[in-house]
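Right, one structure below, let's go through it.
The values are calculated or read from the model by the stated rules, or taken from the named source; none is laboratory data. This one's a predicted model, so the numbers in the text were calculated from it and none came from an experiment. Reconstructed Cβ throughout: ideal geometry from the backbone, glycine too, with neighbour counts over all protein chains shown. Calculation scope for accessible area: heavy atoms of the full protein, side chains included, ligands and nucleic acids excluded. Shrake-Rupley method; radii C 1.70, N 1.55, O 1.52, S 1.80 Å.
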Amino acid sequence: MSDGQTKRLRDGKRLFLETHAITYANDSSKMPQQAGLCRIDVVYKKYGATNAFVHEITAYASRTKAASSSATKLYAYWLPWESKKTVHVDLDNNASMFLTSEVNGCTVRVGEATTGDTVVPLRIAHIAGDSIGSATSAGSKWRNQQGEAVGFGKNSRRFSSGGEMGADVASPTGFAKASGTLVGYGDTDDAKYSWHNVIGFNDGNGRWEIYAQSVRFDEGNEILVPTVQQLWPPV
């Protein structure tokens, strides 16, 4: 596939997410195992045995076509998922995008954080959803504690597939806005979605916009339909 797909993702930002479904290679070895900077490639391909198409992201080193000097150089901060753990990364101006593995029962937390006496303008954490009692209040409490343990306070947002979409009210995976600025995002009708992504874009000056993309497959029309919410900055 031409390198034009990578450029369209970089330049299109939210509009691209609203009109194109994003996914990751089924082979996990095609993405880094550790958090950090990664050069990525985007492949436009069929979605399984359907007539739908999807934009699949892989590490540039895993692309099947020969390397080209004209290929778009798109660097992203990559945040993988780890079982029963929390991984995080701090965003700065060294990458054009942020990517994390698909959200399936996990929670993604984004916002201002502290490390000792240092304030981190933007940190993102992927908190595992397979802890003991993950589907109960004990699991929610554990994920809350994990977020606090890596420095998040009230000036943050979270996304979980079990939250309430765009809600400013209490939900099983979020706090009421009245208690601060932490709001749960997601969708309580999770069954209608096939997967969820959290993707960020850098405007070139270190200002980041972070979005959640929830994708459902419309069987009648055989198309993938994305729904996008802005997680950061707060709106």
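Couple of notes before you dig in:
- Restricting the stretch 88-120 to residues that are on the phi > 0 side of the Ramachandran plot and assigned to a loop (DSSP other than H, G, I, E, B), the residue that is most open to solvent (accessible area, probe 1.4 Å): 116
- Selection within the stretch 133-148 - in a loop (DSSP other than H, G, I, E, B) and more than 21 Å from the chain's Cα centre (by Cα): 133, 136
- Among the candidates 44, 77, residue that is at negative phi, of a type in the set (Ser, Thr, Tyr) and crowded, with 21+ Cβ neighbours inside 10 Å: 77
- Condition met for residue 23 (at pLDDT 85 or above and either surrounded by fewer than 21 Cβ atoms within 10 Å (Cβ to Cβ) or more than 13 Å from the chain's Cα centre (by Cα) (or both)): yes
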